1. Between Trp170 and Ser21, what is the spin-label point distance in nm, taking each point 7 Å from the Cα along the Cα→C-beta axis?
2. What is the extension gain from Leu284 to Thr231, computed as 0.36 nm multiplied by their sequence separation minus the C-alpha to C-alpha distance, in nm to one decimal?
3. To the nearest whole percent, what portion of all C-alpha pairs in the range 83-137 is separated by more than 15 angstrom?
4. Over the heavy atoms of Arg195, what accessible area does a 1.4 Å probe trace out, to the nearest 10 Å²?
5. Along Cα→Cβ, 7 Å out, is where each label goes; now give me the distance between the ones at Ala2 and Asp293 in nm to one decimal.
6. In straight Cα distance, which lysines are under 16 Å from Lys24, not counting same-chain residues fewer than 8 positions off?
7. Output the relative contact order of the chain, whole-number percent, from Cα pairs under 8 angstrom with separation of 6+ residues.
8. Tell me the label-point distance for the pair Asp261, Ser90, using the 7 Å Cα-to-Cβ offset, in nm and rounded to one decimal.
Amino acid sequence: MAHINVRGVDHYYEWIKEPSSLVKPVIVFIHGWAGSSRYWHSTAQALLAEFDCLLYDMRGFGRSGGKQAGKSLVESQSTEEPGEVIAELSYELTEYAEDLAALLDGLQLQRVYISAHSMGASVATLFFNRYPERVKKGILTCSGIFEYDEKAFAAFYKFGGLVVKFRPKWLAKIPLADKIFIARFLHSPIPKSERQAFLQDFIKADYDAALGTIFTSVSKAQSELMPAEFTKLTVPTLLVAGEYDIIIPPEMGRQAAALNDNIEFFVIPNTAHFPMLEDSETYLGRIREFLNDC
């Protein structure tokens, strides 16, 4: 467990791997909105025999910083001198894709597998198309394309803003708060420890990052961008959906997969927005099949 300064922001990361000198392929895990790498732990632990697993918290979430400070230890992709902080970062998902590129540079990782979830899956898709030479295969969990609806989006922004604003720390101490908070994301139960971690991550998320990514990940621009991004994917990709996901319904994933023969689509029954936790056995079986298929 450690931090690395990426593009002027301290990023939390950790390795989950067996204590041996054997060199294994690396799989990088990316979390979704207002979450952290914590919910990928069980998946990473299950893949130890085949992979060295890198988990990190995106800028503004989990244990990573939300603002630039000091000198970056990672050379940016800009024309500035090595080690200098680049211009102020925005909350566009393309910027988060560049954060990932800089993180891999800082850790001296050239080519990896990537497993990403929800908003993180959108970031990963953008990364796949900007740096295809750095990705062997990609797994996108709960991702897809959506249509722009002005009234629905306006209502979502208003509700989202209120949710982000009202996050008192005492909320985590209320009995059953974790269960109520996570209910709309699940169809099948998950351990209490996982529910509590989700609530804690949500409360802790940086205000600007949480609100900023609401507007950038669910927007008219994003609804127009993502179909093109899925269409031009050259990286072999598995798109996994939860049958009862109301956050990103499986039909959105099915429509994305239909745009490109490089995308395999798989729905996990009786799960919703966290199929990797709701039915880990089925999830792991399918991703292993995909990762091992030459």
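1. Roughly 5.7 nm, to one decimal.
2. 16.4 nm
3. 47
4. It works out to around 40 Å².
5. 3.6
6. Correct list for Lys24: Lys136, Lys137.
7. Over the chain, the number comes to 19 percent.
8. 3.6
The values are calculated or read from the model by the stated rules, or taken from the named source; none is laboratory data. If you're wondering where the values come from, they're calculated on a predicted model, not measured in any experiment. Heads up, the Cβs are rebuilt from the backbone with ideal geometry, glycines too, and the neighbour counts pull from every protein chain shown. SASA here: full protein model, heavy atoms, side chains in, ligands and nucleic acids out. Shrake-Rupley method; radii C 1.70, N 1.55, O 1.52, S 1.80 Å.
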